[in-house]
Protein chains: 2
Amino acid sequence: MRYPFRLLLPHIWLTCGTCDAMKKATSKKNALYAQSGGVSAVINASACGVIETAMRQSRHIGKVYAGRDGIVGALTEDLIDVSRESPAVIRALKHTPAGAFGSARFKLKGIEQNRAEYERLIEVFRAHDIGYFFYNGGNDSMDTALKVSQIGEALGYPIICVGVPKTVDNDLPLTDCCPGFGSVAKYIAISTREAALDVASMARTSTKVFVFEVMGRHAGWIAAAAGLAGRKAGEPPHIILFPEIPFDRERFLGKVKRCVAEVGYCVVVVSEGTAYPDGKFLAEAGTRDAFGHAQLGGVGPVVAEMIREAHGYKYHWAVADYLQRSARHIASKVDVEQAYAVGKAAVELAVKGVNAVMPVIVRKSSRPYKWTVGHVPLAEVANREKKVPREYITEDGFGITAACRRYLEPLVAGEAYPPYRDGLPDYVRIKGARVRKRLRTEFKL
Amino acid sequence: MRYPFRLLLPHIWLTCGTCDAMKKATSKKNALYAQSGGVSAVINASACGVIETAMRQSRHIGKVYAGRDGIVGALTEDLIDVSRESPAVIRALKHTPAGAFGSARFKLKGIEQNRAEYERLIEVFRAHDIGYFFYNGGNDSMDTALKVSQIGEALGYPIICVGVPKTVDNDLPLTDCCPGFGSVAKYIAISTREAALDVASMARTSTKVFVFEVMGRHAGWIAAAAGLAGRKAGEPPHIILFPEIPFDRERFLGKVKRCVAEVGYCVVVVSEGTAYPDGKFLAEAGTRDAFGHAQLGGVGPVVAEMIREAHGYKYHWAVADYLQRSARHIASKVDVEQAYAVGKAAVELAVKGVNAVMPVIVRKSSRPYKWTVGHVPLAEVANREKKVPREYITEDGFGITAACRRYLEPLVAGEAYPPYRDGLPDYVRIKGARVRKRLRTEFKL
């Protein structure tokens, strides 16, 4: 069959996994793995799942390569020969944060807009006999994966492309949760609990308000996870600011004041994506200097200063930034297992000839937590975002509901401590041996 | 003997522990424990050491009380009856961060300047038959402890006062290290290593510079600890900014540029106390808004913005703030043990009648690490700071030397994981039962 052009549109279910063109690709071919977008504490656990599984599939898969710096490595023919890494190093990826092979913020345009990039990809794939492409990333990356999955027909080179989900933001649709999120959720919940104890200790004579800025530009899942830190009424965090809830300055400041009066202090967790009703980010609304330069801080200091101006409370603020998404030292065990599982499933799907899909986590029950791995068409995932549903946020818009807690709690369960040497986590670095180039052409990004 | 007034001056060795007035105090008396100043991940481990040891000293010590919110509780007769906490709760303090009894930023003035506060303290001590006072804090607190240790003679009430060292800043003199520091050092070194892996993963197409602001307003010990994250030349952190080294904008920006050119990215760790040669903090030099308000950020965003202005690199920054000093989830095992040990030693000294001292950590060897507990007069500790010595900082002022690494490494050794429940550390809260007031007088702070 020929792929109708409308496959470039999202939301179209693809059942092309069994078609003839794809079956050809399941004869023994090499595999290429690439990391994409912002990295996480467990993206390398997915890499480990892909690589270990691929190496066991010797009937279908020859060499396993990885793109250095993700798709950029694929385009520039900068490939890493994964088979030259020791099995111990591959295994250690499971406890090593960030992107061991390098990741990239690089989104392929549509074939019709930039045919040259796709032709180059096929040139590299052909030169290295690549029949399987595993793309490990979030929303944008699944869009790229979808496009790559389509080049087989569009440009006449058979390729099986399977997406491997990864995003700390937890905003991929159709999967119950997304590998990377459970660990950042655990880190944020723990950090909130710990910092809140600090503030509570000293509120009588010192800091009254603590503002903690967390990631999540479009969806408030990470902010929601901070809610796990408290169990009973009055326990911190007292206020969570979600991107899903338009910011109301007066209601917020009123709540802060009541909280300090009643509890003695106030812990605020603010998502970087918190915005005014007109969609303008709070962070953008920060002060400017005399020269008109935008203020330096993120939303955390903006909110802290807003409180000081209104109420005069002494404040502190923290911005975890990359610390939260790289905190492998306190990764969620469930998250590590799921990250590995989706990598493994991706390879198992690919060798069955299933193209253009992404493995997903399917929740079977919350208490006790039971999950399995399913898969969905990339076309249904690409470029769609899953926000925190309104029923997960308390009526006043400042906290999480019991339903949200029920959803989140299993995702932060268990500790998967890395090994330590000299008091620090013993993270691994790959050798990263370069595959000999076969093309004489350069590709400019 | 009478205490000569010059004992109020620092640097005078006190050998009063055996004098008659003090010996009287060693007959069975109640003990009061109080936390002071900024809290830490292990100050409660010291509390556990004090309390467990005091409870075993039934020949000398009757009841064990704690000041609610430190010295504030002592002044306002707001005492917690520690004997009403279960042994399991007391034990759990060892793995619970921040100040379980409440801490305070409250420095007693000299007796000659504010006799009323001392008279009130004695009133409370007398009402509750308190003969032992354990004050758990840093530089300022040891000054207060010294003053309290002197009121026995000055105001005619016998009291044994022993300081228990605590400060994340590690700037107390005469002790090899200070409980609280090892854990923040471990947290900062781990966070630096993790965030640096994140930046390295993506530097080719994304963030080139990461700035990490850490605590330490006067001494750069915490910043130095970040240096443990890297081992070999070129490994992050590439630049550490110490309060001990006057900031040289041009040299710093030059080093950042070379680093990005050579390594591909640059990780900068900046101590909040980093200052220009004229002593002005970098954080103070930040931008102001049109109304003249000081900029909102700390030194981290100031440095990041300075780099962007000069070189245009994409940056990220993080400010750990309270997260670093409350991160009990990744406390150093050595630190927890030392925190407990100084608490225990304080009680053992007190019941021997030794007044006006502070237990210290004495290093016997670095490799293998061997330490023991000694003690020094409070008069030699109070109001003195220990800065990072020049020989611990590389010649260019931007890194740590092998000697510094040798000093720091044992302090971050071992993990002392807290127990977990529902995916989060199971930190304890005390019941905090109030001791019945015996005074009819109120005290206004």
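Values quoted throughout were computed directly from the atomic coordinates according to the rules given, and no laboratory measurement underlies them. Remember, predicted model here, so these are calculated numbers, not experimental data. Heads up, the Cβs are rebuilt from the backbone with ideal geometry, glycines too, and the neighbour counts pull from every protein chain shown.
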Exercise. Once the Cβ-Cβ distance between B:Glu262 and B:Arg405 is put in as r, and R0 is 25 Å, what FRET efficiency do you end up with, to the nearest 0.05?
Worked result: 0.65
Seminar exercise, completed: Using alpha carbon centers only, the range B:29-80 is separated from the range A:66-105 by a whole-angstrom value of 53
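So which GluC sites (Glu not before Pro) in the range B:24-129 are both in a DSSP loop and have at most 12 other Cβ atoms within 10 Å of their Cβ?
Numbers: sites: B:Glu52, B:Glu77, B:Glu85, B:Glu112, B:Glu117, B:Glu119, B:Glu123; in loops: B:Glu77, B:Glu85, B:Glu112.
Counting only loop positions with at most 12 other Cβ atoms within 10 Å, the GluC sites (Glu not before Pro) in the range B:24-129 are B:Glu112.
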Exercise. From the label point of A:Asn383, set 7 Å along Cα to the beta carbon, how far off in nm is each other copy's matching point, shortest first?
Worked result: 6.9
Seminar exercise, completed: Partner shielding of B:414-423, as the mean number of partner chain Cβ atoms within 10 Å, equals 4
Exercise. Taking K and R as +1 and D and E as -1, what net charge do the other residues with C-beta under 12 Å from the C-beta of B:Ala47 add up to?
Worked result: +2
For this session: List the distances, in nm to one decimal, from the label point of A:Asp129 to the label points of the same position in every other copy, shortest first, placing each label point 7 Å from Cα along the Cα-to-Cβ direction.
Result: 9.0
Exercise. Between the helical axis of B:139-155 and the dominant principal axis of chain B, each derived from Cα atoms, what acute angle in degrees is found, rounded to the nearest 10?
Worked result: 20
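So if we plug the beta-carbon distance of B:Ser27 and B:Arg84 into 1/(1 + (r/R0)^6) with R0 = 30 Å, what FRET efficiency do we get, rounded to 0.05? Could you put the intermediate results ahead of the total?
Numbers: r = 24 Å, r/R0 = 0.81.
In this case the efficiency is close to 0.80.
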Exercise. Label A:Arg440 and A:Lys109 with points 7 Å out from Cα along Cα→Cβ: what is the distance between them in nm?
Worked result: 2.9
Exercise. In terms of the Cα gyration tensor, with a ≥ b ≥ c the square roots of its eigenvalues, is the protein assembly as shown rounded because a/c is under 1.5, prolate because a/b exceeds b/c, or oblate?
Worked result: prolate
For this session: For the range B:129-138, just list the computed ³J(HN,Hα) in residue order, Karplus coefficients 6.51, -1.76 and 1.60, θ = phi - 60°, integers in Hz, with x standing in for Gly and Pro.
Result: 6, 8, x, 10, 10, 10, 10, 9, x, x
For this session: Can you find, among B:Ala127, B:Leu75, B:Gly62, the residue farthest towards the positive end of the dipole of the range B:55-129? Put +1 on the C-beta of Lys and Arg, -1 on that of Asp and Glu.
Result: B:Gly62
For this session: Measure off 7 Å from each Cα along the Cα-to-Cβ vector at B:Lys370 and B:Asp278, then give the distance between these two points in nanometres to one decimal.
Result: 5.2
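Of the beta bridges DSSP finds with both residues in the range A:181-328, what % are antiparallel, to the nearest 5? Intermediate values should be presented prior to the final figure.
On the way: 2 of 16 bridges.
In the range A:181-328, DSSP labels about 10 percent of beta bridges as antiparallel.
Which of the residue pairs A:Lys257/B:Lys186; A:Lys255/B:Lys166; B:Lys255/B:Lys370; B:Lys107/B:Lys386 have a Cα-Cα distance greater than 27 Å in the structure shown? Mind dumping the intermediate values first?
Details: A:Lys257/B:Lys186 36 Å; A:Lys255/B:Lys166 35 Å; B:Lys255/B:Lys370 38 Å; B:Lys107/B:Lys386 20 Å.
With Cα atoms farther than 27 Å apart: A:Lys257/B:Lys186; A:Lys255/B:Lys166; B:Lys255/B:Lys370.
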For this session: Search the structure for amide H atoms under 5 Å from the amide H of B:Ile393, placed 1.01 Å from N in the peptide plane, and list their residues when 5 or more places away or on another chain.
Result: B:Thr401
For this session: Under 20 Å Cα to Cα from B:Lys431, which lysines show up? Leave out anything in the same chain fewer than 8 places away.
Result: A:Lys232, B:Lys63, B:Lys94
Seminar exercise, completed: Extension length gain for A:Ala116 and A:Tyr417 (0.36 nm per residue less Cα distance), in nm, is 103.9 nm
Seminar exercise, completed: Shape call for chain A, from the Cα gyration tensor axes a ≥ b ≥ c (a/c under 1.5 means rounded, otherwise prolate when a/b beats b/c, else oblate), comes out prolate
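Please give me, ordered by residue number, the GluC sites (Glu not before Pro) of the range A:388-445 that lie in loop per DSSP and have at most 14 other Cβ atoms within 10 Å. Each step should come with its number before you reach the end.
Details: sites: A:Glu391, A:Glu395, A:Glu415, A:Glu442; in loops: A:Glu395, A:Glu442.
Sites meeting the loop and neighbour criteria: A:Glu395, A:Glu442.
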Exercise. Where both residues lie in the protein assembly as shown, what percent of DSSP beta bridges are antiparallel, nearest 5?
Worked result: 40
For this session: Measure off 7 Å from each Cα along the Cα-to-Cβ vector at B:Arg59 and A:Lys314, then give the distance between these two points in nanometres to one decimal.
Result: 4.4
For this session: Report ³J(HN,Hα) in whole Hz for each residue of the range B:90-104, in order, from the Karplus equation J = 6.51 cos²θ - 1.76 cosθ + 1.60 where θ = phi - 60°; Gly and Pro get x.
Result: 4, 4, 5, 4, 4, 10, 10, x, 6, x, 5, 9, x, 10, 8
For this session: One decimal, nm, shortest first: give the distances between the label point of B:Arg438 and those of the same position in the other copies, each label point 7 Å from Cα along Cα→Cβ.
Result: 8.9
Exercise. What share of the DSSP beta bridges in chain A is antiparallel, in percent to the nearest 5?
Worked result: 35
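Rounded to the nearest 0.05, what FRET efficiency do B:Lys431 and A:Glu235 have when you use their Cβ-Cβ distance and R0 = 22 Å? Walk me through the numbers on the way to the answer.
Values: r = 16 Å, r/R0 = 0.74.
Using R0 = 22 Å, I get an efficiency of 0.85.
Looking at chain A, which longest stretch skips every one of the chymotrypsin sites (Phe, Trp or Tyr not before Pro) that is in a DSSP loop with at most 12 other Cβ atoms within 10 Å, leaving the sites themselves out?
Values: sites that count: A:Trp13, A:Phe291.
Within chain A, the longest run free of exposed chymotrypsin sites (Phe, Trp or Tyr not before Pro) spans A:14-290.
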Problem set entry | 0 to 90° range, to nearest 10: angle between helix B:115-127 axis and chain B longest Cα axis | 60
For this session: Round to the nearest 10 and give me the degree value, 0 to 90, for the angle of helix B:181-202's Cα axis relative to the longest principal axis of chain B.
Result: 20
